[in-house]
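To keep things clear, I will list the structure first and then write my remarks on it.
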Amino acid sequence: MSSKSGGAKKRSGSPVIADNRRARFDFELLDTLEVGIQLTGTEVKSLRASKANIAESYVQVKNGELWLINANIPEYEQGNRFNHEPRRPRKLLAHQREIARLFQGTSREGLTIVPLKIYFNDRGRVKLEIALAKGKKVHDKRETKKERDWQRDKARLLREKG
């Protein structure tokens, strides 16, 4: 018998390509979901080089489909005339039931869908983590900042004392 193990190879290092850290500060995240992205070959190659920006992007529901708008995946350097458009709308892959739930949240409750991070899963596929989120007011942001500062100070005191 062969001793080969089936399945995908484990990748070394962090598979996260782009992280939207600002979303956790600007929005109260209610429900997260992992979706696939429909990409071209040069986009995947550019993502393997860890080049992407989803800081000012958002997700929109059009005709029963999810679309990632304003995400920047720069052109692949070795790509030729078959290169992709960096800020084109990209279709997201999710089940119809999940899309309906997200659409209901955005239309009835006034919530928004924000992308949180792009990463490679265990099988080497590009995935996008999105969240149904509610925008924070200025005083909520102040409270978040105060809590984060207190946690940092508390950790510093525990490190010094113990």
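Every number here is computed from the coordinates shown, using simple stated rules; none is lab data. What you see is a predicted model; the values in this text were computed from it and never measured. Quick reminder, even Gly has a Cβ in these numbers, built from the backbone with ideal geometry, and neighbours come from all protein chains shown.
Numerical summary
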| quantity | calculated |
| --- | --- |
| The range 16-136: Rg to Rh, with Rh as the Kirkwood radius over Cα pairs | 0.97 |
| Members of K51/K141; K62/K134; K51/K136 lying beyond 24 Å, as alpha-carbon distances in this model show | K51/K141; K51/K136 |
| Cα-based Kirkwood hydrodynamic radius, the range 102-162, one decimal, Å | 15.1 |
| Of T32, A71, A49, farthest towards positive along the dipole that unit charges on Lys, Arg, Asp, Glu beta carbons give the chain | A49 |
